1. Please report the relative contact order for the range 152-249, taking Cα pairs under 8 Å with a sequence separation of at least 6, and give it as a percent rounded to a whole number.
2. Which length gain, in nm to one decimal place, applies between residue 87 and residue 292 when the Cα-Cα distance is subtracted from 0.36 nm times their residue separation?
3. With angles folded into 0 to 90 degrees, how steeply does helix 29-38 sit against the dominant principal axis of the chain? Use alpha carbons for both and round to 10.
4. Arrange 59, 227 by Cβ neighbour counts within 10 Å, fewest through most, would you?
5. By how many degrees, 0 to 90 and rounded to 10, does the Cα axis of helix 296-305 deviate from the longest principal axis of the chain?
6. Between helix 276-290 and the chain, what is the angle of the helix's C-alpha long axis to the longest principal axis, kept within 0 to 90° and rounded to the nearest 10?
7. Where does the chain land on Rg(C-alpha)/(2.2 N^0.38 Å)?
8. For Cα pairs less than 8 Å apart in space and 6+ apart in sequence, what is the mean separation divided by the residue count of the chain, i.e. the relative contact order in percent?
């Protein structure tokens, strides 16, 4: 596990509870020591007991040595630089599993695409794990589900067995594109939901954005070759609902700060951890434009982050768009 952040530590605990020997790489010596001696990550998951099958190290080479699977949960925009340094340590038969939910800003690549490009691994050795997984709830061993996606279904099934516990239930799919887009775009929609919460606009506005946001990611996914049914499942609607509804969501929290009048810089400080949707939103909009996909909620979020639109102006613009049929261009159905 190449991160001792909140989600990396929580998922490492899942793997350890499932009976695996897990080594977590941590950059901070005090976190490594706390995990090894106190069975706790006080910086990211204070008060939560970690399983004894989980060990930590500050040495990346030691963390990946002999590993059948290397799990990467770092911020999306840090992946390329970090993985360039780590790639020589990763064997060509090792499976690399991404827990990341973002799109690379400079290239528009999904995280699995960055992994294959940097490591030289085949697509069949790269998996994605995505779903409604709020780190603290998973670490507290509350019931949760996720989706393991890989072009090689046997690899997905192996990872499924490796992370199945009495509280964590994984499903499998070969739709890597759908899973990654669902995880990335839902962060942008959560920013929008947070904005409306910060403005005090109520639950109807939240439902509006979540529903139309799901339509946006489905349109983009279909254009990029994803299965539209993926977006009705855990990696789509499930992840969207959890991220938009929960106060534990970094992206929703970031959006709330913006809605209450903070600048992007102030919201970044107040949120404290990375809100992936902030950086990924522009790349997602770029993908949409290259594929002629309309994504008005995403576009509004980008304009707010870039300072070209206030939250109140964005709401007005969205509400004054031309009315149409609900399913036109949704990617899931068409009028005759």
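Where a number appears in this text, it was derived from the coordinates with a stated rule and is not lab data. What you are looking at is a predicted structure, and each value in this text was computed from that prediction instead of being measured. In this analysis, Cβ positions are derived from the backbone assuming ideal geometry, glycine residues included, and neighbour counts consider all displayed protein chains.
1. Working: 96 pairs, mean separation 33.4, N = 98.
Worked out over the range 152-249, it gives 34 percent.
2. Details: separation 205, 0.36 × 205 = 73.80 nm, distance 3.50 nm.
Additional length available on full extension: 70.3 nm.
3. The two axes meet at around 70 degrees.
4. Details: 59 11, 227 16.
Least to most surrounded, the residues fall as 59, 227.
5. Value to nearest ten degrees: 70.
6. Compared with the principal axis, the helix lies near 60 degrees.
7. Numbers: Rg = 19.4 Å, N = 336, 2.2 N^0.38 = 20.1 Å.
Computed over Cα atoms of the chain, the ratio equals 0.97.
8. On the way: 664 pairs, mean separation 49.5, N = 336.
Reported relative contact order: 15 percent.
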